[in-house]
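The values are calculated or read from the model by the stated rules, or taken from the named source; none is laboratory data. Values in this document were obtained by computation on a predicted structure and should not be read as measured data. Because the Cβ atoms are built from the backbone with ideal geometry, glycine has one as well, and the counts that use them run over all protein chains shown. When the accessible area is computed, the model is the full protein with side chains, heavy atoms only, and any ligands, DNA or RNA have been set aside. Shrake-Rupley method; radii C 1.70, N 1.55, O 1.52, S 1.80 Å.
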Amino acid sequence: MITAEGYLHFVDRALDGMAAVLTGLGDDLANRRPDLPGANSPYGIVNHCLGVVSFWGGQIVGGRDVPRDRAAEFTATGTVSGLVERLHAVRDRFADDVRAAVPSDPCRREAPPKYRDTPIGANQGMALLHVYEELAQHRGHLELTRDVLLAQHG
């Protein structure tokens, strides 16, 4: 069985990797979108991931109201230092939510309709697995975005 600390080890690796990519890019490149249709900036990708962690960990698993504007997550801009600082705060709060979770219990708040009748919305453990799924997916997305930006503007 996966422990809370074991799970958080992998979450931390994903978030630390994202912070390293942002820091390596700096403010200018972190806020640029690759010259590709529909591409997101590295800042937007990480900002979206923090929205995922906050919403699913805080609202779905933790039971708190967590307002979210998913579309705006991708268009946000700002400084790398500010986003990395926020990443650390979100990670700390998420760790508390993970440690308080009862994986086999139902979610404390109902999952969004898209996920309600899937395993993701079945219980707190599956909702937390979805968080890691998103982080792993977007970490790779972020690394590819970095590589394209460096090729185009580096």
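See the values below:
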{"read-out": "Listed residues 106, 3, 141: farthest to the positive end of the dipole of the chain (Cβ charges)", "value": "106"}
{"read-out": "Percent accessible area from carbon and sulfur atoms, region 1-151, protein chains only, probe 1.4 Å", "value": "55 percent"}
{"read-out": "Label-point separation, residue 102 to residue 85 (7 Å along Cα→Cβ), nm", "value": "3.8 nm"}
{"read-out": "Value at 222 nm in deg cm²/dmol, rounded to 500, when DSSP H runs of n ≥ 4 in the chain each add -39,500 (n - 2.57)", "value": "-21500 deg cm²/dmol"}
{"read-out": "Backbone N within region 80-111 under 12 Å of label point (7 Å from residue 1 Cα along the Cβ vector)", "value": "102-105"}
{"read-out": "Rounded to the nearest 20 debye, dipole of region 60-154 from Cβ charges on Lys, Arg, Asp, Glu", "value": "120 debye"}
{"read-out": "Within region 111-140, backbone nitrogen closer than 16 Å to the virtual label 7 Å beyond the Cα of residue 36 toward Cβ", "value": "137-140"}
{"read-out": "For the chain: accessible area per residue (Å², 1.4 Å)", "value": "51 Å²"}
{"read-out": "For region 6-80: rounded, prolate or oblate by the Cα gyration tensor [a/c cutoff 1.5]", "value": "oblate"}
{"read-out": "Relative contact order for the chain, counting Cα pairs under 8 Å that sit 6 or more residues apart, in percent", "value": "31 percent"}
